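The next block holds one structure in the form of structure tokens; read it before the comments.
The values are calculated or read from the model by the stated rules, or taken from the named source; none is laboratory data. Model, not experiment: these values are computed from the prediction. Positions of Cβ are generated from backbone atoms using ideal geometry, with glycine treated the same way; all protein chains shown enter the neighbour counts. Protein only, heavy atoms only, side chains kept; ligands, DNA and RNA dropped before computing areas. Shrake-Rupley method; radii C 1.70, N 1.55, O 1.52, S 1.80 Å.
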Amino acid sequence: MAGTQYRGSEIKDVDQFLNDAEGLDSEREKEIGQHIGYRYDVNLVPDYERLTPFLKKYMETMGWDDLNWLEDIHMGYEEGNPAVFDRNINGWVRIPDTIELPDNQQDRDMIARELLIKFQMSDRHPLVALRKAYMKF
């Protein structure tokens, strides 16, 4: 039957991902040890009407129609402070106290995406030091 498989997990009913207590049903979720939220909550897909001016320019410069790799980036919290998770360094990047966060989660997520890109492009990102240390040319 079509639509009964999802990346290694057997889909038993339409609300399976909402009702599953552990939520770690697929191979990938078990591997990373966390939910893949947008699998079962369409609200986690970005609202493109809420793009920040920076993200609009970024997508335009890159020639992209969507956020692709940034779709599952969301504002989180580390020790009670707003933060965004950077997979490249496997750690949280805290949001500066000077940034006033909106009440809307979609807007917060857009700010998190923007700050993650800016941090990854900055000289303060740990991968910059690695590149300088191990660069061959």
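Values for this structure:
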| item | result |
| --- | --- |
| Residues of the range 108-128 satisfying the condition of being open to solvent by less than 10 Å² (accessible area, probe 1.4 Å) and either touching a strand residue (DSSP E or B) at 6+ places or on another chain (Cβ under 7 Å) or part of a loop (DSSP other than H, G, I, E, B) (or both) | Ala112, Leu116, His125 |
| Verdict on Lys136 being exposed (fewer than 10 other Cβ atoms within 10 Å of the Cβ) and in a helix (DSSP H, G or I) | no |
| Enumeration of residues in the range 75-96 that are surrounded by fewer than 18 Cβ atoms within 10 Å (Cβ to Cβ) and part of a loop (DSSP other than H, G, I, E, B) | Glu79, Gly80, Arg87, Asn88, Ile89, Asn90, Pro96 |
